[in-house]
Every structure is written in C-alpha cells, then in structure tokens.
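Structure record follows, encoded as structure tokens.
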Amino acid sequence: MQHFASDYMEGAHPLILQRLLETNMEKTPGYGSDHYCDSAKEKIRKACHCPHAEIHFLTGGTQTNATVIKALLRTYEGVLAPETGHISVHEAGAIEAGGHKVLTLPQEAGKISARSVEEYISRFNQDGNRAHMVKPGLVYISHPTEYGSLYSKAELEALSAVCKKYAIPLFLDGARLGYGLMAKASDVTLETIAKHCDVFYIGGTKVGALFGEAVVITRPHLIDNFFTIIKQQGALLAKGRLLGLQFDTLFSDNLYFDIAKHAIDMAEKLKQGLAAKGYRFYFQSPTNQQFIIVDNEKLEQLAQTVSFSFWETLDEQHTVIRFATSWATRESDVDQLLALL
Ligand SMILES: Cc1ncc(COP(=O)(O)O)c(C=O)c1O
C-alpha cells in the first residue's frame with residue numbers, strides 16, 4: 001500500500017524529535033513565555049523581514065482560522081472568502097459557530113480576485129439596506145489554495161490595495177505555506193506576504209512539525225489582547241514551549257524551506273510520471289498537491305493499493321482525487337506509487 005492521501009501522515013521531522021528529547025527534562029515557564037518561543041519568534045521575524053511582527057503559536061489550522069477571524073471581526077461583520085476556501089467548506093462551520101458569517105466569493109482555481117472583493121464591498125456600501133446586512137469586515141485567502149494554486153505577487157498586491165482602500169484586514173491561511181514558497185514558478189516570498197497581509201500564519205503541522213501554526217501579525221496592535229483571546233478560545237497551550245521548540249528548529253539552518261522544497265521535487269516527479277501514464281489533471285498545480293481525474297471503475301481498483309483523498313465528484317462516471325507529497329516522501333515511494341498506477 002502506498003500512502004499519498006495527505007501531507008500530515010507521518011510524525012515529525014527527526015530533528016524536531018531529537019530536540020524534544022534533548023530538552024525533555026528542562027523546566028520552563030508555561031503558555032509561550034519560555035526562551036524557545038522567544039527564539040523562534042525572533043527567527044520568524046527575521047525570515048519575514050518584519051522586525052515588529054507580533055507572533056503567537058497555536059496548534060492546528062481550523063483553531064487558528066477560527067481564533068484569528070473572531071479576533072479581527074466585530075459582532076456584525078463577516079469574512080469574505082473563496083467559495084472553495086477551507087473556512088467555507090472544510091471547517092464544519094467553525095467560523096459560523098464563532099458568530100460570523102463566511103461571505104463567499106466566486107473563485108478561479110481556488111483564488112479570489114481583487115476585483116471581486118471590490119465589487120462585493122462597493123455593492124454592499126451602495127445597498128440601502130446595508131444596516132440590516134452582515135458587513136464584510138475581513139478578507140480570507142489561503143496560499144496555497146485548496147487546489148494547490150498560488151497567488152502571484154501582483155495578485156497579492158492588488159488584494160492588499162483593495163483591503164487598504166476599504167480599511168479591512170487581509171488574512172492569509174498558510175497551513176501549507178512552505179510548499180507555496182518553494183514552488184518553482186512562485187514569485188512570492190515570506191517578505192512579500194508579510195508586506196501585504198495584516199495577519200498570516202506559517203503552517204507547521206503539514207510541513208514537518210508534530211503540530212503547530214505560527215500566527216504573524218504584521219501590524220502590531222492590530223488585535224488588542226490577542227493572547228487573552230487565544231486563551232478564551234481554548235487555544236493556548238500550557239506547554240507552549242513544545243510549539244516554540246518546533247518552530248525554532250524549523251527556522252534554524254533553513255530547515256522549513258529545505259524540507260518544503262523536497263516535497264515540491266517529489267510532486268514534480270509524481271506529476272511527470274502521471275502525465276507519462278496519460279492521467280488527466282483536473283488542475284495544473286505547482287505545489288505538493290496534485291489533482292487528477294479518474295473514472296469510477298479505476299477509482300475502486302486504485303483504492304485497493306493506494307491511499308489518496310477523494311476531492312470531488314466530477315460527473316457520474318468521474319471523480320477528482322488528490323495525491324499529496326510531503327517533507328517525508330521518499331523518491332522510492334513515488335516510484336512505487338507510479339508502478340501501482
Ligand atoms: C488551507 C488549510 N487551512 C486550514 C486547515 C485546517 O487544519 P486542521 O486540520 O489542522 O484544523 C487545512 C487542513 O487541511 C488546510 O488545508
């Protein structure tokens with residue numbers, strides 16, 4: 001059996017486990033006030049070229065989205081997001097459970113455009129009934145998107161400009177950020193993201209950590225008392241050093257970027273192999289998630305020997321499935337997967 005269902009099937013990068021073991025018996029203060037968290041925050045600020053960024057560590061993606069979005073919105077505001085965005089479809093209504101509507105926008109390859117954001121906001125502003133409606137108070141995007149696609153620098157600049165024009169924050173979900181940053185054709189760096197987004201997070205869970213997401217608030221004081229809001233959401237880890245230590249390791253010696261690049265190299269190999277075998281791609285993804293269209297008979301046959309993710313039903317005969325490579329994928333795993341296909 002070959003496992004390509006997701007990029008969080010293994011534990012953690014061995015260097016993280018090694019440091020956890022080495023520091024296991026050390027006593028440190030709780031809730032992120034330890035020296036490992038301080039060190040990780042400093043390294044992240046440096047990598048983002050954003051010396052004044054405020055950084056907080058949380059444990060998972062849905063938790064981070066729900067906490068950040070709740071903290072950024074007023075009670076009567078909602079969040080604009082692509083109709084296929086993670087918060088729109090795959091978080092079981094976590095944002096709505098926090099009291100905020102997800103206001104969906106049409107997407108192309110998982111992305112929304114500055115134009116569609118502007119159109120939505122100006123339509124809202126011109127609506128005579130707007131005082132009775134949910135106000136758009138934030139824009140959410142993810143990079144990479146649900147389809148593994150990426151925003152370009154120009155697209156991020158345009159989204160940021162429209163957000164600034166209407167004085168609403170831009171929030172980027174970077175659950176798979178490393179894989180986006182290391183994709184070959186990408187012109188977006190951590191510095192670009194820190195420059196154009198008010199808040200974003202650097203995903204660890206899918207990129208080598210046991211668990212953990214690093215929230216970066218690039219405009220200090222944007223969220224008052226965020227630490228207390230995290231606590232109120234039940235998202236503040238008492239043994240916060242476990243998060244700090246993991247990010248400190250990931251942001252030492254270029255580890256985060258090197259392991260993400262490895263996943264991209266494995267995805268490229270897989271992509272070439274799939275193309276050579278005549279598989280049809282649903283979408284040309286430059287990142288670690290690859291989407292192909294298979295007929296349903298083949299689907300059942302594949303499921304006997306390969307684990308993949310069901311993505312969506314295309315039509316009565318065809319299904320879109322996803323293969324994901326990760327920091328841990330070996331070249332021999334890809335060879336064996338291709339042999340099974
Ligand atoms: C873009 C994105 N954001 C958030 C999440 C949620 O992460 P978690 O499963 O840790 O809640 C995922 C999970 O796949 C994701 O792909």
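The values are calculated or read from the model by the stated rules, or taken from the named source; none is laboratory data. Source: prediction; values computed, not measured. Virtual Cβ from ideal backbone geometry, glycine too; neighbours counted across all protein chains shown. Just so you know, the surface numbers come from the protein's heavy atoms only, side chains and all, with ligands and any DNA or RNA stripped out. Shrake-Rupley method; radii C 1.70, N 1.55, O 1.52, S 1.80 Å.
Calculate what fraction, in whole %, of the accessible area of the chain sits on carbon and sulfur atoms when a 1.4 Å probe is rolled over the protein chains.
51 percent
Express the accessible area of the chain per residue in Å², computed with a 1.4 Å probe while the remaining protein chains stay in the model.
Each residue of the chain exposes 45 Å² on average to a 1.4 Å probe.
State the dimensionless ratio Rg/Rh of the range 84-127 (Rg: radius of gyration of Cα atoms; Rh: Kirkwood radius).
1.03
His49 to Ser309: extension gain in nm, 0.36 nm per residue of separation minus the Cα-Cα distance?
So the extension gain works out to 90.0 nm.
Using the Cβ atoms and a cut-off under 11 Å, what net charge is assigned to the surroundings of Gly30, where Lys and Arg are +1 and Asp and Glu are -1?
That sum, taken over residues with Cβ under 11 Å, equals +2.
Run the helix sum for the chain: -39,500 (n - 2.57) per DSSP H stretch of 4+ residues, divided by residue count, reported at 222 nm to the nearest 500 deg cm²/dmol.
Computed mean residue ellipticity for the chain: -11500 deg cm²/dmol.
Give the whole-number value, in cubic angstrom per residue, of the convex hull volume spanned by the C-alpha atoms of the range 1-98.
194 Å³
Show me the GluC sites (Glu not before Pro) within the range 1-110 that DSSP assigns to loop and that have at most 15 other Cβ atoms within 10 Å of their Cβ.
Answer by residue number: Glu10, Glu26, Glu83.
Gap in Å between the Cα centre of the range 1-52 and the Cα centre of the range 90-145?
So the separation of the two Cα centres works out to 33 Å.
Connecting C-alpha atoms closer than 10 Å in a GNM of the chain, tell me which of Tyr282, Tyr140, Tyr201 has the biggest fluctuation.
Top of the fluctuation ranking is Tyr282.
Output the pairs from Lys43/Lys111; Lys43/Lys195; Lys101/Lys135; Lys70/Lys195 with a Cα-Cα distance over 19 Å in this structure; if there are none, say none.
Where the Cα-Cα span goes over 19 Å, the pairs concerned are Lys43/Lys111; Lys70/Lys195.
Roughly how compact is the range 24-148, stated as its Cα Rg over 2.2 N^0.38 Å to two decimals?
Against the empirical 2.2 N^0.38 Å value, I get 1.30 for the range 24-148.
First obtain the Kirkwood hydrodynamic radius of the chain from its Cα pairs, then insert it into the Stokes-Einstein equation at 10 °C and 1.306 mPa s, and state the resulting D in µm² per second as a whole number.
Estimated diffusion coefficient is 76 µm²/s.
Report the extension gain between Ser152 and Asp258 in nm, rounded to one decimal, defined as 0.36 nm multiplied by the number of residues separating them, less their alpha carbon distance.
36.0 nm
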